[in-house]
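Peer 1: My questions will all concern the structure given below.
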Amino acid sequence: MLAALSLEEIAAGAAATVAREIPAYHGQDPEQVRAELLVVLAPVLAALREGRAATADEQREFAAFGSLRAEQGIGLEPLLEAFRLTTRRAFDALYEQIRRADAPQAGLELARDFWDGCDRVSAAVVQGHRTRDLEKARAAQEHRTLLLRQLVTGDLPTDYLATAAAALGLDLRTEYHVCHARPGAGRTIAAVEWALRPHTVALLAEPGADRVIGLAVRPLPAAVALPAGLGPARPPGRLRESLAEAERADELAVAFALNRCVRAEELPLHRAVLTLPAVGGQLIEQCFGHTTGERRTTLVRTVDAYLAADANAEQAAAALFVHPNTLRYRIRGLTVATGLDPARTEDALALWWAVRHLQATGELG
């Protein structure tokens, strides 16, 4: 029965049907399809003749067939449909030989073995296709990551800009904000990435550099509650400028525990605190040099709350969970010891600067 089968005819007929009925195969050379189908059919029928399962080498050939189809851009669904049409045609030919042989028992066993062999081939083909698909997806993601990194750092060749933008889904006519954020305070890289992803059109997570960079078409909403920096909007060819500002803004957000996405230009005094540490040291001595330890910490927190409440004792006391009179007593003690009055603009600025310097250096906590 098996000897009477013509693999060439089966493969040629299957190739013609596949090329005609499955859109994914339109444009494929039928002769090439026929040759590739023979790679699958020949081992299956050889195994049937010899009464054995497919060998390891044959299984690898089946997987390679699936991998080839993935490489050619043929999806798994049309591939399985083509496999179904091919095995159907092969079975019809086999069934005709079984009918002619008039050997029902042997025919049943042969049909069972045929479909069992087809199942094994199908599993190997699917595995090969999926493996190659994953490899292609991983390679494509790595390529996009490289392009985005080169784009935001300014390392991308100018003549490759249009190609890179297309690969990343960016519009050369649109301006994008670069967002820069780092993990910290219990947040992992994955958590930062998760928080930024809904608000960005492209995202680059760099565990080695301990940061996440995103591109956004508009400023991030206040709902993104994590310290982050936002650069000015720039076209894709000038994103390096936006990244530099985003990094500076992120440094400010982290240093001063600002649980939001900020722009550097929003915080000129905060930037001055970071860039003039000697001034901060002098002001700490002037404002809080008369206290140490826990007393200093309590006074610093009191001043910080008082200034944040615009010198409203009731509001500041509520924030600190103390009585307003307790807060007023602490402020009067500060004035007596230092001569500084938070009600005076210049003194309030000195106190604010000293508090911010302690915060930026980690002494406030």
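The values are calculated or read from the model by the stated rules, or taken from the named source; none is laboratory data. Just so it is clear, the structure is predicted and the values come from calculations on it, not from any experiment. Every residue, glycine among them, receives a Cβ derived from its backbone with ideal geometry; neighbour counts consider all protein chains shown. All accessible areas refer to the heavy atoms of the entire protein, side chains included, with ligands and DNA or RNA removed. Shrake-Rupley method; radii C 1.70, N 1.55, O 1.52, S 1.80 Å.
Peer 1: Which value in Å is the Kirkwood Rh of the stretch 213-365 over different Cα pairs?
Peer 2: 16.9
Peer 1: Which value, in Å³ per residue, describes the convex hull spanned by the Cα atoms of the stretch 100-214?
Peer 2: Enclosed volume per residue, from the Cα hull, is 202 Å³.
Peer 1: Looking at the stretch 276-347, which chymotrypsin sites (Phe, Trp or Tyr not before Pro) are DSSP coil and have at most 15 other C-beta atoms within 10 Å of their C-beta?
Peer 2: Taking the stretch 276-347 and a limit of 15 other Cβ atoms within 10 Å, the loop chymotrypsin sites (Phe, Trp or Tyr not before Pro) found are Phe321.
Peer 1: Could you put Asp102, Asp347 in order of accessible surface area, largest first, with the 1.4 Å probe and the full protein assembly present?
Peer 2: Values: Asp102 125, Asp347 20 Å².
Most to least solvent-accessible, the answer reads Asp102, Asp347.
Peer 1: Along the Cα-to-C-beta direction of Ala223, a point sits 7 Å from the Cα; which residues of the stretch 185-211 have their amide N less than 11 Å from that point?
Peer 2: 198-199
Peer 1: Another question about this same structure. Could you report the stretch 294-365's accessible area per residue, 1.4 Å probe, as an integer in Å²?
Peer 2: 56
Peer 1: I'm a student and want to see the number: the projected area of the Cα convex hull of the chain, averaged over all directions, in nm².
Peer 2: 28.7
Peer 1: Any idea which of Gln97, Gly51, Ala82 is furthest toward the positive side of the dipole for the stretch 44-135, if Lys and Arg beta-carbons carry +1 and Asp and Glu beta-carbons -1?
Peer 2: Checked the options; the winner is Gln97.
Peer 1: Per residue, how much space in cubic angstrom lies within the convex hull of the C-alpha atoms of the stretch 159-259?
Peer 2: 96
Peer 1: How much accessible area per residue does the stretch 12-159 have, counting only protein heavy atoms and a probe of 1.4 Å, in square angstrom?
Peer 2: Counting only protein heavy atoms, the per-residue value for the stretch 12-159 is 55 Å².
Peer 1: Given only helices, namely DSSP H runs of n ≥ 4 each adding -39500 (n - 2.57), what is the per-residue ellipticity at 222 nm of the chain, to the nearest 500 deg cm²/dmol?
Peer 2: It comes out at -21500 deg cm²/dmol, rounded to the nearest 500.
Peer 1: Report in % the part of the accessible area of the chain that belongs to carbon and sulfur, leaving out ligands and nucleic acids; probe 1.4 Å.
Peer 2: Carbon and sulfur: 54 percent of the exposed surface of the chain.
Peer 1: Okay, next question. As an exercise, identify the trypsin sites (Lys or Arg not before Pro) in the stretch 41-73 lying in DSSP coil whose Cβ has no more than 14 other Cβ atoms within 10 Å.
Peer 2: Arg52
Peer 1: If you don't mind, there's one more thing I want to ask. Which residue, Thr291, Thr200, Thr153, has the most motion in a Gaussian network model of the chain that connects Cα atoms within less than 10 Å?
Peer 2: Fluctuation is largest for Thr291.
Peer 1: Still on this structure: Given Cβ point charges of +1 (Lys, Arg) and -1 (Asp, Glu) and nothing else, what value in debye, to the nearest 20, does the dipole of the chain about its Cα centre take?
Peer 2: 1100
Peer 1: Ok, one more. Which of Leu5, Gln359, Ala70 sits closest to the plus end of the dipole of the chain, meaning its Cα is farthest towards the positive end, when Lys and Arg get +1 and Asp and Glu get -1 on the C-beta?
Peer 2: Result: Gln359.
Peer 1: Same structure again: Mind ordering 174-181, 307-314 by average Cβ neighbours within 10 Å, highest first?
Peer 2: 174-181, 307-314
Peer 1: Follow-up. Putting +1 on Lys and Arg Cβ atoms and -1 on Asp and Glu Cβ atoms, find which of Gly169, Tyr329, Gly117 reaches farthest to the positive end of the dipole of the chain.
Peer 2: It is Tyr329, whose Cα lies furthest towards the positive end.
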